[in-house]
Amino acid sequence: MTVATLTRELVSIPSHTDEGEAEAGEFIESWLRRETDADIERDAVGNVIARKGSTADGDTLALVGHHDVVAPDDTQLEADGSSHVEERNGRLYGRGTADMKGAVAAAMLAFRDSEIHAPDSSSSPSSQPEETDTPGELVFASFVGEEVGGTGARHAINEGFAPECAIVGEGSTNYSGPDVTDVAVAHKGRRGSTITAHGSAAHASELAAGENAIYRATDAVARVRALEFPAVDVAGEVLEGTIAVTEIEGGSAMNVIPDRCAITVDERTVPGERAALGRLEELVGVEWTVEQDLPPMRCDDMSFAGTVQSVADDVQSGSPELVTKPHATDAGWLSEAGTECVIYGAAEPGEAHTDTESVSIEVLERCYETYRGVAETWLQ
């Protein structure tokens, strides 16, 4: 089975609903049970996790993806409700081809085909193998709920999922240049929050009788606009966060002083730095509530990142670089829990979540070769 064939089968399952997500998980689990002799678990929320090798004195390397997708465009569905997938000009088109069933398929095949052996001790026949000769454990994990805040990854982590290192198969292609699959060693997180300003209502003709919540909210907005964007240096790049007020709601009528005004803030966070939004609560009548906080990611193990980069360099004509990504992935949750992560995958900027989503078959094959090569290198 080729990576293109397996990708087509996965993509044809419309996993933007709970039922479809479960069907995709069942497909992955059944394939792994048929094609491998690994220990396989499908947990309470639908994550599929397979393991082979040993953890005794060896590291654990995980190949990580997710099998949920965002809702497709009508043109990406067949009449029977399945997802439309087709091949044109060396690319597969369909919802989930880029984000990220293609990389999941590449990881499944790499997990199956990777040969994990203990180091050869034949050069010292008189000595007994030491415990440190254990090669380590290779894990395949496909999570649910990545598109809705990483619910599957968070559940797995809470249940003890803690590999030392992980390759997360989100997109890293064409960042440093055309036809290059790079190695992302950091990405931004996202914190979404609400600023709520409270006042007291009054007739608009009697200003002194009330307290204008919109004025208090605009004072808070002014402070938001004055905040410096946090930034960190990663792999020779400056990864800079952003802060933006994105919604405002307040007031009840033209002639009423408003007693409430709410503003939403979209903040892109960076590893180790946060904007001081909490200080907004120093303002009278203003409260700040975090609605969502997806963590950023940074790999601090340059030996691991270098190994992935070296293997990636061997399987492509371009020269992959260590890069950063602008948006959050499940790597953030893993990194926050202590796993050293890099991101390496086939998706290119601008492909995910579109009605023309597609992925290069050649790059999927490149990902398969890289995942397998890293497994057989890092775990020896």
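The values are calculated or read from the model by the stated rules, or taken from the named source; none is laboratory data. Since this is a predicted model, take the numbers as computed values, not measurements. Neighbour counts are summed over all protein chains in view; Cβ atoms, including those assigned to glycine, are modelled from backbone coordinates with ideal geometry. Ligands, DNA and RNA are stripped out before the accessible areas are found, and what is left, the full protein with its side chains, is counted by its heavy atoms. Shrake-Rupley method; radii C 1.70, N 1.55, O 1.52, S 1.80 Å.
Between residue 319 and residue 229, residue separation times 0.36 nm minus the direct Cα-Cα distance comes to 29.3 nm. From helices alone, the chain scores -8000 deg cm²/dmol at 222 nm; the rule is -39500 (n - 2.57) for each run of n ≥ 4 DSSP H residues, then divide by the residue total.
Taking all protein chains into account, the per residue accessible area for the chain stands at 44 Å² (1.4 Å probe).
The convex hull built on the alpha-carbon positions of region 224-293 has an orientation-averaged projected area of 5.9 nm². With each label point set 7 Å from Cα along the Cα-Cβ vector, what nm distance links residue 115 and residue 354? Inter-label distance under the simple model: 4.1 nm. The figure for residue 175 is an accessible area of roughly 70 square angstrom, using a 1.4 Å probe on the protein chains alone. The distance between label points at residue 88 and residue 179 comes to 2.1 nm (points 7 Å beyond Cα on the Cα→Cβ vector).
Projecting the Cα atoms of 25, 14, 40 onto the charge dipole of region 3-43, computed from C-beta unit charges around the Cα centre, puts 14 farthest toward the positive end.
Within region 263-380, all pairs of alpha-carbon atoms sorted by distance into 10 Å bins from zero give the percentages 11, 31, 31, 16, 8, 3, 0. Extension gain for residue 255-residue 281 works out to 6.6 nm (0.36 nm per residue, less the C-alpha to C-alpha distance). Carbon-plus-sulfur accessible fraction, region 1-91 (probe radius 1.4 Å, protein heavy atoms only): 42%. Taking the 1.4 Å solvent-accessible surface of region 236-380 as the whole, the part contributed by carbon and sulfur is 45%.
Each Lys and Arg Cβ is given +1 and each Asp and Glu Cβ -1; about its Cα centre, region 130-195 then shows a dipole of about 680 debye.
Between residue 33 and residue 248, what's the calculated FRET efficiency when r is the beta-carbon distance and R0 is 45 Å? Round to 0.05. So, using R0 = 45 Å, E works out to roughly 0.30.
Here region 276-357 is treated with +1 on each Lys and Arg Cβ and -1 on each Asp and Glu Cβ, and its dipole about the Cα centre works out to around 200 debye.
Each Lys and Arg Cβ is given +1 and each Asp and Glu Cβ -1; about its Cα centre, region 310-359 then shows a dipole of about 100 debye. As a rough guide to protection, the peptides 206-212, 369-375 ranked by mean Cβ packing within 10 Å, highest first, stand as 369-375, 206-212.
Shown here are the Rg and Dmax of the Cα trace of the chain, at 24.2, 98 Å.
Take the Cα of residue 293, step 7 Å toward its Cβ, do the same at residue 337, and the gap between the two points is 1.8 nm.
Accessible area per residue was computed with a 1.4 Å probe on protein heavy atoms; residue 84 scores about 50 Å².
Ligands, DNA and RNA excluded, the heavy atoms of residue 313 present near 70 Å² of accessible surface to a 1.4 Å solvent probe.
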